[in-house]
Amino acid sequence: MSASTSQGGENNSAVVLFSGGQDSTTCLAWALQRFDSVETVGFDYRQRHRIELEARPRILERLRGEFPQWSEELGEDHVIDLGVLGALSETALTRDVAIAMSGTGLPNTFVPGRNLVFLTFAAALAYRRGARHLVAGVCETDYSGYPDCRDATIKAMQQALDLGMDADFVIHTPLMRIDKAGTWGLARQIGGDAFVELIREETHTCYEGARGTRHDWGYGCGSCPACQLRAKGYALFDTAFQPDHNV
Ligand code: ZN
């Protein structure tokens, strides 16, 4: 019994890869707007900072409490233990080393194959839960060139999962072609100012795990690559997307 045949052709259930960051939180709202039933999955791979994982339940609680239009669709949350991935990866996100460019031309924040592993486990979960749709906040526009975030990789992964699980999954990547300003804009379009405020207050992006200072774009050190992307995107969004600035 595959995910596609278990509920016929009308399967409108989704599993969202939900890390607690800005991108996956935006993707979660995107999914809640589209699907009848949405479950979330996060991965504990011994991240150097636990802040993202700790943000997840707060975000889910606020979505349930403050966005009644989504509370019925928002289902169970799952956290999968992938400590083995952290043990395998000698990178800046799982070890206490500085973020730098490595000899391969990728920043050492890159955990080799991380998204492939995440998608495989998310698909296994979706199969069990009878969900056809997977939603991932990967993006090839505004990132550091991670090869497992590219559209070609995701399409190949969908094919591999469909063949390997005899399923008919659809992997959705709503952020694939937009930049960070576009991600802020999408959040506003889906959930209005209240949702943008939830993202600013609760989601975590900073590679350094800093939450001491609240900037207009949220919390973070302000200088790591992730904070810089988020801040730059917010500044662009703030001038270009806010209604009072529209021309
Ligand atoms: Zn930072």
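Tabulated data for the structure shown
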| quantity | calculated |
| --- | --- |
| Residues (open to solvent by less than 60 Å² (accessible area, probe 1.4 Å) and within 10 Å of the ligand (Cβ to nearest atom)) located in the range 196-209 | H204, T205, C206, Y207, G209 |
| Matching entry among D179, D193, D166, D162 (being more than 16 Å from the ligand (Cβ to nearest atom) and on the phi > 0 side of the Ramachandran plot) | D166 |
| Some residue of the range 221-234 being within 16 Å of the ligand (Cβ to nearest atom), open to solvent by less than 20 Å² (accessible area, probe 1.4 Å) and not in a helix (DSSP H, G or I) | yes |
| Residue check for I154: surrounded by 20 or more Cβ atoms within 10 Å (Cβ to Cβ) and away from the ligand (no atom under 16 Å from the Cβ) | yes |
| Breaking point among (1) more than 16 Å from the ligand (Cβ to nearest atom); (2) not in a helix (DSSP H, G or I), for G212 | (1) |
| Any chance L163 is in contact (Cβ under 8 Å) with a residue 12 or more places away in the chain and of a type in the set (A, V, I, L, M) | no |
| Contacts under 7 angstrom Cβ, first residue in the range 115-140 being on the phi > 0 side of the Ramachandran plot and touching a residue at least 24 places away in the same chain (Cβ under 8 Å), partner part of a loop (DSSP other than H, G, I, E, B) and surrounded by fewer than 24 Cβ atoms within 10 Å (Cβ to Cβ), 6 or more apart | G130/Q7 |
| Residue in the range 176-183 that is open to solvent by 20 Å² or more (accessible area, probe 1.4 Å), closer than 25 Å to R48 by Cβ and modelled with pLDDT under 95 present | no |
| Residue within the range 181-194 that is in contact with a Lys or Arg (Cβ under 7 Å, 6 or more places away or on another chain) and not in a loop (DSSP other than H, G, I, E, B) present | no |
| Failed criterion for D44 (all others in (1) closer than 20 Å to T205 by Cα; (2) surrounded by fewer than 18 Cβ atoms within 10 Å (Cβ to Cβ); (3) touching a Phe, Trp or Tyr at 6+ places or on another chain (Cβ under 9 Å); (4) modelled with pLDDT under 95 hold) | (3) |
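Every residue, every condition in (1) over 15 Å from the mean Cα position of the chain (by Cα); (2) of a type outside the set (S, T, N, Q); (3) within 26 Å of S13 (Cβ to Cβ), yes or no:
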{"residue": "P147", "(1), (2), (3)": "yes, yes, no"}
{"residue": "R150", "(1), (2), (3)": "no, yes, no"}
{"residue": "Q158", "(1), (2), (3)": "yes, no, yes"}
{"residue": "D162", "(1), (2), (3)": "yes, yes, yes"}
{"residue": "M165", "(1), (2), (3)": "yes, yes, yes"}
{"residue": "I171", "(1), (2), (3)": "no, yes, yes"}
{"residue": "T183", "(1), (2), (3)": "no, no, yes"}
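The values are calculated or read from the model by the stated rules, or taken from the named source; none is laboratory data. Keep in mind the model is a prediction, meaning the values are calculated, not measured. When we count neighbours, we look across all protein chains shown, and the Cβ atoms used for this are built from the backbone with ideal geometry, even at glycine. Surface accessibility is based on the protein's heavy atoms, side chains included, excluding ligands, DNA and RNA. Shrake-Rupley method; radii C 1.70, N 1.55, O 1.52, S 1.80 Å.
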